[in-house]
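Worksheet: the structure to be examined is printed underneath.
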Amino acid sequence: MRTFYLSLKYLAVVLWSAFVIFPFLWMLSTSFKTANAVTAGAKWLPWVQFEPSLAGWQSLFGGVGGINIVKPYLNSGIVTLSGSAIALVLGTLAAYGLSRFTFKAGPLGNGDITFFFISQRIMPPIVLAIPFFLMLRFLGLLDTLPGLILIYVAMLMPIAVWVMVDFFNSVPRGLDEMAWMDGCAPVTTFVRVILPNAVPGLVVAAMFCVIFGWNDFFFAFTMTFTEVQLLPVSIVALNSSVTPWWSLSAAAIVSVAPLAVLAFVVERFLSRGGLAGAVR
Amino acid sequence: MAEIVLERLAHAYAPGAPYALKPLQLTWRNGGTYALLGPSGCGKSTMLNIISGLLRPSEGRVLFDGRDVTALDTGVRNIAQVFQVPVIYKSMTVGENLGFPLVCRGAPAAKIKARVEAVAERLGLAPILSKPANALTADLKQLVSLGRGLVREDVAAILLDEPLTVIDPQLKFDLRRILKEINEEFRLTMVLVTHDQTEALTFAEEIVVMNHGEVVQMGSPTELFERPETEHVGWFIGSPAMNFLPALLEKDRIIVPGTDLSVAAPAALPQGNLKIGFRPEHATLSPMAGDLEGKVTRIWFEGADEVLGIDWNAHRVKVRVSGTSPARIGEAVSIAVPTNRLCVFLDGRRLHLG
Ligand SMILES: Nc1ncnc2c1ncn2[C@@H]1O[C@H](COP(=O)(O)OP(=O)(O)OP(=O)(O)O)[C@@H](O)[C@H]1O
Ligand SMILES: [Mg+2]
């Protein structure tokens, strides 16, 4: 009987995995097809059902009618990682302050300040496009990596603040008080006592920042012209009147790859007990 | 190690709010053991947090050895506090936890190592020094908290805010013993907050009884037991509580009508609600006609003793007798109380009679 239930369980897991993996497999197989193979119906076994071609992949690396995604890929990496890192540092500091000290601006308090951060992400990004554009132009940072990093910091920090305020609120205040009593200065308290307890929160916040940053198309598109190109924009440049499914599939695979790796690592960390004991 | 003086200290959590701690004057001798005893919400933690510097008092001063520390930060005061819920640095090992106060104060590594080892040895934490502190049980965590106070040889005082609440009864007993031994060994000023009178009575040389933000009485366990300043203390200290019976002034004596309990009244007695109180321990069953007669309605067995519940005029009087008493439930008995054991309370406060 037990084996029966166990096999049922395995069956469910296998079905679910298939459901999740199938689109990826389809994408992978499509990336090796040519126009004929794509339009010829549901064929997905290379060599058996269609003759594989590297055209889709070649067009990502300067092939005929394609682009070269190496540079945009690196650019996206730089902008996402530096933007996330800066947003995380600033956001964590802000969140600690918001969680531990009382701020008053007229009738507004800590909760309102926290909401102000989040509200940045509630309005559609188009609202911010013009001010951001003018500000970057004023600074002479349009179409540059530093300019993009600035924008990404502004877009990602609310996420970091939001996640971290919540997290710090769950770290008991008594821990800070204990450290003060032990003679620890406030900054040391934060760095040596509170931060080590906040690692799971930091991981989650970092993950969100990286995902949102990496996936952003809107600002990558509006704040750049010719000098700097980010991955999502360059992928769009692949498109033409006849949709090149093969090269788009290849592009989708390379752009989702780092996030898949990230998800895998984070999942490992969190399930290995990264969260255990962090919250009482 | 320091003598702590609370000078005209009072605290309200917000301007205009009622006092959480009413104005008080207290001195804690260097090396003494004190217990702060009182019901929940009476201001015990408020007082401790003011001493440790986590809270600025709204009135008055805190002096350590005559030095005004009211405006000083917690860290500078060099106080150790153990909280009700164990607070430990989860990301560190037991050893790192113990050494942290010294690390924060910039002590040399060799000194830290020596102190940590000495304290761990004393508290029996030596075998687990390199274990992650997070994995410890609640009682060991409290020991680690205590140890963080002990590593500082010059710690001004160790404040214990109901540290034993979350501990199993057996371990509670051990921890209390360790606290007592530590105090005797290092002559550290220790203040234990509790609402358990047994804990207070067994730990402290002096007990501060609080109620509604007010220090009601400060004294040795015997003083509190023999001469409670207020009805509240008589009721709070001792098990079972003091007996209180309504009294009247008749000519020059204060009497409980219908009994032979009476005390000579002082010359000028203000108007007010009079009560006569006596300890269950001080009353005896008297075979001859005693001071008060009633019917036994309950008997509690308390180890070597028995406590009799005796109903008299809609009041229940309790009497503690050692051994097994011959009294049976439903039986009428008579009890006697020596006059010098009777306390008179006027509007809840004890009258000081000659
Ligand atoms: N941060 C605070 N802000 C406002 N009022 C408070 C605050 N902390 C405590 N109080 C109030 O002050 C009074 C005394 O509280 P305190 O915590 O000192 O009591 P306690 O004797 O320690 O009680 P317990 O035995 O429950 O710990 C209570 O009425 C409480 O409601
Ligand atoms: Mg308390």
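A few comments on the model shown:
- Above 32 Å, the calculated P(r) of chain B contains 44 percent of its Cα-Cα pairs.
- DSSP bridge orientation in the range B:4-231 - percent antiparallel, rounded to nearest 5: 50
- Whichever lysines have a C-alpha closer than 18 Å to that of B:LYS22, once near sequence neighbours (fewer than 8 apart) are set aside: B:LYS44
- Computed across the protein assembly as shown, the Kirkwood hydrodynamic radius from all distinct Cα-Cα pairs reaches 31.2 Å.
- Under 12 Å, Cβ to Cβ, from A:ASN110 - net charge with Lys/Arg +1 and Asp/Glu -1: +1
- Relative frequency of Cα-Cα separations exceeding 15 Å in the range B:256-346, percent: 60
- Between the range B:288-351 and the range B:133-166, the Cα center-to-center distance that results, in Å: 43
- Order of B:LEU179, A:LEU74 under a 10 Å beta carbon neighbour criterion, fewest first: A:LEU74, B:LEU179
- Database note for chain B: Cys without another Cys beta carbon under 4.7 angstrom, B:CYS42, B:CYS343.
- Exposure proxy ranking, count of Cβ atoms within 10 Å, fewest first, for B:LEU36, B:LEU72: B:LEU72, B:LEU36
- Within chain B, longest stretch clear of exposed GluC sites (Glu not before Pro) (DSSP loop, no more than 15 other Cβ within 10 Å): B:1-152
- DSSP assigns beta bridges within the protein assembly as shown; of those with both partners inside it, close to 75 percent run antiparallel.
- The simple spin-label model puts a point 7 Å past each Cα toward its Cβ; for A:VAL20 and B:THR27 those points are separated by 7.1 nm.
- The charge dipole of the range B:242-350, taken about its Cα centre with unit charges on the Cβ atoms of Lys, Arg (+1), Asp and Glu (-1) only, comes to about 240 debye.
- Remark: the Cα gyration tensor places the range B:180-223 in the prolate category, a/c being 1.5 or greater and a/b exceeding b/c.
- Listed by chain and number, the lysines placed with their C-alpha closer than 17 angstrom to that of B:LYS141 are B:LYS90, B:LYS131, B:LYS172; residues fewer than eight positions away on the same chain are left out.
- Within the same chain, lysines fewer than 8 places from A:LYS33 are excluded, and of the rest, those with a Cα less than 30 Å from its Cα are A:LYS43, A:LYS71.
- Summed residue charge, Cβ within 14 Å of A:GLY91's Cβ, Lys/Arg positive, Asp/Glu negative: 0
- Two-decimal ratio, the range A:81-236, of alpha-carbon radius of gyration to 2.2 N^0.38 Å: 1.18
- Point-charge dipole on Cβ atoms (K/R +1, D/E -1) for the range A:81-236, about Cα centre, debye to 20: 140
- With at most 10 neighbouring Cβ atoms within 10 Å, loop chymotrypsin sites (Phe, Trp or Tyr not before Pro) (DSSP) excluded, longest segment of chain A: A:102-224
- Within chain B, the selection of entire DSSP H helices by a Cα span of 20 Å or greater along the long axis and an average Kyte-Doolittle value of at least -1.0 returns B:109-123, B:169-186.
- Size of charge dipole - the protein assembly as shown - debye, nearest 20, with Cβ of Lys, Arg +1 and Asp, Glu -1, no other charges: 1480
- Listed residue (A:PRO72, B:ILE167, A:ALA40) projecting farthest to the positive dipole end of the protein assembly as shown, Cβ model: A:ALA40
- For the range B:88-182, the equivalent ellipsoid derived from the alpha-carbon gyration tensor has semi-axes of 21, 15, 12 Å in decreasing order.
- Helix A:145-170 and the longest principal axis of the Cα set of chain A meet at an angle near 60°.
- Net charge contributed by nearby residues that have their C-beta within less than 11 Å of B:ASN273 (K/R +1, D/E -1): 0
Each value in this text was obtained by applying a stated rule to the coordinates, not by laboratory testing. Please read all numbers here as calculations on a predicted model, not as lab measurements. In this analysis, Cβ positions are derived from the backbone assuming ideal geometry, glycine residues included, and neighbour counts consider all displayed protein chains.
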